[in-house]
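The values are calculated or read from the model by the stated rules, or taken from the named source; none is laboratory data. Note that the structure is a prediction, hence the values are computed from the model and not measured. Cβ placement follows ideal geometry from the backbone for every residue including glycine, while neighbour counts extend to all protein chains displayed. For the accessible areas, the whole protein counts, side chains as well, though only heavy atoms, and no ligand, DNA or RNA atoms are used. Shrake-Rupley method; radii C 1.70, N 1.55, O 1.52, S 1.80 Å.
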Amino acid sequence: MKKREFLKTSAILGAGTLIAPSIASSCMNSAAQASATASLVAQGEDGLFLQPELGYAFDALEPHVDAMTMEVHYGKHHAGYTSKFNAALEHADFHSTDIYKIFASVSDHGNAVRNNGGGYYNHNLYWKFMSPEGGGEPTGKLAEAIVADFGSFAEFKDLFSATAASHFGSGWGWLLLDGEGKLQVTSLPNQDNPLMDVSPVQGTPLLNIDVWEHAYYLNYQNMRKSYVEAYWNIIDWRFVEALYEEALNA
Ligand code: MN
C-alpha cells in the first residue's frame, strides 16, 4: 500500500508536468481539480503521514531558491516535522488519519501535534506552490477574485509581500479563502495555518510562503524581503487556481 500511495502521488505529479500550463488552466476538469488537494497529503496503509515527492530537482528553482536550501529544507526540516508529527499523534493517543479533522481540533491535542502537524502540511503546500515553470499571474476565476477583493493583482502582490516580509519572527505568509467566500492575506506564527482552530483567521489555504530563516538564510542571509520578491518568479499559479476552484466547489 505504501508503494501504491507512492505510485499514485508520482502519477499525479507526472500528469502535472506533462500538461502545459496554458492548457491545464483552460481544460481543468473536476478530476484534475480533485487531484490538487489529494496530492497534498501522502499516507501509508497504516495511516502514517509520508512526505509527498518533491516533483522537481533540488536545484530546479535556482537562482530564486538555491539547491542547498532545498536539500536541507526538504530532507532535514520537513522530514523532521513529518516523523515528529507521526510520533506526536501516537504520543497523544490521537489516531485520526484525517489531517483536516486533526487541524480542526488541534487545540485539544497539545503543541507537538500543532507544531509538527503544521510543519508537515505547510511544507507539503509550499513545495507545490513552487515550480521551475512558475511565475507570471493567475488567470480565470482566481484572477477575477483577486481584483474583486484586493483591487488589482499588483495590490494583492504588495500586500502579500509586505505581510510576509514584516512578520515578526518565524512563521508563514498566507492567502486563504474564508468562510464568506472572500480572499484574505495574513501571516501566522510558527507552524500554524488557517485550517487550525487556534488560528485567528480561518479558511482554505490557497498560497503560502515560508518565512522561517531556514527557508532563505543560506542564499539571502538577513534579506527576507529579497527572498519574498524572488518567490513571485516561481509561484505555480496553475496549482493555486486548482485549489481555489476546489475550495469554491467544496
Ligand atoms: Mn520551513
Inset, instruction - Considering (1) open to solvent by 30 Å² or more (accessible area, probe 1.4 Å); (2) within 16 Å of the ligand (Cβ to nearest atom); (3) of a type in the set (A, V, I, L, M, F, W, C), say which one VAL198 fails and leave the rest. - result: (2)
Legend entry - Any chance VAL147 is within 16 Å of the ligand (Cβ to nearest atom), out of contact with any Leu (no Cβ under 7 Å at 6 or more places or on another chain) and over 24 Å from ALA38 (Cβ atoms): no
Legend entry - Residues (open to solvent by less than 40 Å² (accessible area, probe 1.4 Å) and more than 16 Å from the ligand (Cβ to nearest atom)) located in the stretch 204-229: LEU206
Legend entry - Considering residues of the stretch 64-86 that are within 18 Å of the chain's Cα centre (by Cα) and over 28 Å from SER226 (Cα atoms) only, the residue nearest to the ligand (Cβ to nearest atom): THR82
Legend entry - Filtered residue count, the stretch 116-144, keeping only those that are open to solvent by 30 Å² or more (accessible area, probe 1.4 Å) and either touching a Phe, Trp or Tyr at 6+ places or on another chain (Cβ under 6 Å) or in contact (Cβ under 8 Å) with a residue 24 or more places away in the chain (or both): 8
Legend entry - Residue list for the stretch 163-176, restricted to those being within 17 Å of LEU125 (Cβ to Cβ) and open to solvent by 10 Å² or more (accessible area, probe 1.4 Å): THR163, HIS167, SER170
Inset, instruction - Could you list all residues from the stretch 88-115 that are surrounded by 13 or more Cβ atoms within 10 Å (Cβ to Cβ) and among the aromatic types (Phe, Trp, Tyr)? - result: PHE94, PHE103
Inset, instruction - Give the number of residues within the stretch 38-63 that are within 14 Å of the chain's Cα centre (by Cα), open to solvent by 30 Å² or more (accessible area, probe 1.4 Å) and among the hydroxyl-bearing types (Ser, Thr, Tyr). - result: 0
